[in-house]
Ligand SMILES: [Zn+2]
C-alpha cells in the first residue's frame, strides 16, 4: 500500500504505491485517481487507504490543475463533495487542524508533504514540471508560514526522475530559466527535466529541510507512471495528518 510511511512527532505521513486496492488491470490495484477507472473501485480504494492510514479522518482532496493556488482547510472546510470529502481546486493544501487527512496525487508529477509539528501546521502539494515553473512549492511554504509555521520539514515523494523525463529543448530551457537546477539529461543523452532537483532547489531557497523519499515512477513497476502507461496509468497519493495535541 505504501512506498514510504513514517511519523514525525504527532504528524503521520505516507506515499502510496499501486498495491493493496481493488482496481482491475490495467489500473491494478490501489488507483487513487478521480476518474477514468471503475467508480466503485476508486471509492473503495480511497476507503481502504483512509481506513488504514487514519480511520475516521475527513480527507481533503484536490482537483489539481498544475497551478500554484494553495487551499486552506480550516474548521469549516472547504466543504464538501458528494462523497463527503473536503474538496478544493488547487495544487497545494495546508491546515492547522488536527484530525484531517490532506491528500495530493500524482503519476509522474512529484508529491511533496510538509510539516512544522511544533507550530501544528501541515501541508502538501502536487508539483510537476508546470508546478515547478509556477512555484507551487514555495507558495505552499508561504501559506504555511502565514499560519505560523517556522521550522518546516518537507518530504519529497515518488516522481519521474531526471534520467527518464525527456522534453523538447525549448521546454527544458523554459524550466531552467526559472529553476536552473532542473536542467538534466536522459540516460539516452537527450534534454530532460529533473523535477526533484528543481523542487530540492526551491526548498533550499526557502530554508526548508528536505527528506528525499523519491523513487522513479517510470522505472518502478510498483508505482503508476503516466509517461510509461499513458491513459492506462492510475494515480498514487501522498497523505499527511496531525494528531490532536
Ligand atoms: Zn527514472
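Could you please let me know if residue 197 is touching a strand residue (DSSP E or B) at 6+ places or on another chain (Cβ under 9 Å), surrounded by fewer than 24 Cβ atoms within 10 Å (Cβ to Cβ) and within 30 Å of residue 12 (Cα to Cα)? The answer is yes for residue 197. Assess whether residue 115 counts as being modelled with pLDDT under 95, touching a strand residue (DSSP E or B) at 6+ places or on another chain (Cβ under 8 Å) and more than 30 Å from residue 191 (Cβ to Cβ). Taking the combined requirement at face value, the residue does not satisfy it. If we scan segment 121-135, do we find a residue that is part of a loop (DSSP other than H, G, I, E, B) and either touching a residue at least 60 places away in the same chain (Cβ under 8 Å) or surrounded by fewer than 21 Cβ atoms within 10 Å (Cβ to Cβ) (or both)? The answer is yes; a qualifying residue exists. Among the residues of segment 50-71, the one identified as farther than 28 Å from residue 130 by Cα and surrounded by 21 or more Cβ atoms within 10 Å (Cβ to Cβ) is 53. Among the residues of segment 204-211, is any within 15 Å of the ligand (Cβ to nearest atom), at pLDDT 95 or above, outside any helix (DSSP H, G or I) and touching a strand residue (DSSP E or B) at 6+ places or on another chain (Cβ under 6 Å)? No, segment 204-211 contains no residue that is within 15 Å of the ligand (Cβ to nearest atom), at pLDDT 95 or above, outside any helix (DSSP H, G or I) and touching a strand residue (DSSP E or B) at 6+ places or on another chain (Cβ under 6 Å).
The rows are residues; the columns are (1) surrounded by fewer than 21 Cβ atoms within 10 Å (Cβ to Cβ); (2) within 16 Å of the ligand (Cβ to nearest atom); (3) assigned to a helix (DSSP H, G or I).
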position: 115; (1), (2), (3): no, no, no
position: 143; (1), (2), (3): no, no, yes
position: 149; (1), (2), (3): no, no, no
position: 164; (1), (2), (3): no, yes, no
position: 175; (1), (2), (3): no, no, yes
position: 188; (1), (2), (3): yes, yes, no
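Only one of the numbered conditions (1) touching a residue at least 60 places away in the same chain (Cβ under 8 Å); (2) in a helix (DSSP H, G or I); (3) away from the ligand (no atom under 12 Å from the Cβ); (4) within 16 Å of the chain's Cα centre (by Cα) is not met by residue 229, and that is (4). Scanning segment 93-113 for residues that are closer than 18 Å to residue 198 by Cβ and in a loop (DSSP other than H, G, I, E, B) returns 107, 108, 109. The set of residues in segment 151-162 being more than 16 Å from the ligand (Cβ to nearest atom) and in a loop (DSSP other than H, G, I, E, B) consists of 151, 152.
The values are calculated or read from the model by the stated rules, or taken from the named source; none is laboratory data. Computed from a predicted model, the values in this text were never measured in an experiment. As a convention, Cβ positions derive from the backbone with ideal geometry for all residues, glycine included, and neighbour counts pool all protein chains shown.
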